[in-house]
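Here the structure comes first, spelled out in structure tokens, and everything after it is commentary.
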Amino acid sequence: MEAQQGHSKACCNIPPVISKSYENKGSYEVIGGLKTYVTGPSTTQRAILVIYDIFGYFPQTLQGADILATSDKDHPYQVFIPDFFEGEPADIAWYPPVTDEQKKALGAWFPSHMPATGIAKIPKILKDIEEKYGEKTWGAVGFCWGGKVVAVTSGLETPFKAGAQCHPGMIDASDAAKITIPTCVLASREEAEDEVRAFDEALTVEKHVETFADQIHGWMTARGDLEDEKVKKEYERGYKTVLEFFAKYL
């Protein structure tokens, strides 16, 4: 699926992507009662809430947050990743769930970690961030599980000005129909093509919808093998696409 509606031209200078032993540029704080990764300048009014995938804090995810924070010199962002799972992410060894043991473990984890658990925490998190750092103009980026959270929180009473969903999970066109903010959707080859198409067609807002047809679900976060040059290139292009979209709409 090709890009829809377009976005701004190259707006950013992404630093070289580190394949192994990435050193975080941000730090952890407790905000809204949750451990939170914070990166980027505190002086900027623009902020991005990053909602991770089911595997929580992974080097690829944290590097991505650092990329979002400062790669666009004209539009720096302060980026926050709350630990919605409170230290209990899914084990990446469970995925993809092929064996009975993997299926059982993942099945036992999900009921107490549904997207609704993250959605309910967002108002307090944003309130507490602004009490500490001042009022912000908010964007949201969600990966897999986080993509569903972004989709559901992008309706009429959304706190976000623009949103992005990367290799989104639990895709539902009925969510898209309720979205009221500019939305970027970057799918992988593993999202069902008909579901992505239906989501795209249901969007009535400014949008950029694209499928990275040679990438697996999770290439921009925990499952991205950055030692593979093709994956590394598409990881970088994914973040650049989000930044270009936000430069236009956030």
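What follows draws every value from the coordinates through simple rules; no lab data is involved. Just so it is clear, the structure is predicted and the values come from calculations on it, not from any experiment. Counting neighbours? That spans all protein chains shown, and the Cβs are built from the backbone with ideal geometry, glycine included.
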For the chain, the dipole about the Cα centre with charges only on Cβ (Lys and Arg +1, Asp and Glu -1), to the nearest 20 debye, works out at 640
Among chymotrypsin sites (Phe, Trp or Tyr not before Pro) in the range 30-78, those in a DSSP loop whose Cβ has at most 14 other Cβ atoms within 10 Å are none
Using the Cα gyration tensor of the chain, the equivalent ellipsoid's semi-axes, largest first and to the nearest Å, work out to 23, 21, 20
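Please arrange W138, W94, W145 by how many other C-beta atoms lie within 10 Å of their C-beta, fewest to most.
W94, W138, W145
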Taking the chain and counting helices only, DSSP H stretches of n ≥ 4 at -39,500 (n - 2.57) each over all residues, the nearest-500 ellipticity at 222 nm comes to -9500 deg cm²/dmol
Correct response: the longest run of the chain lacking exposed GluC sites (Glu not before Pro), defined by DSSP loop and at most 10 other Cβ within 10 Å, is 24-134
For H167, H75, H208, ascending order of other Cβ atoms within 10 Å (fewest first) is H75, H208, H167
Note, T137: beta-carbon cut-off 13 Å, +1 each Lys/Arg, -1 each Asp/Glu, net +1
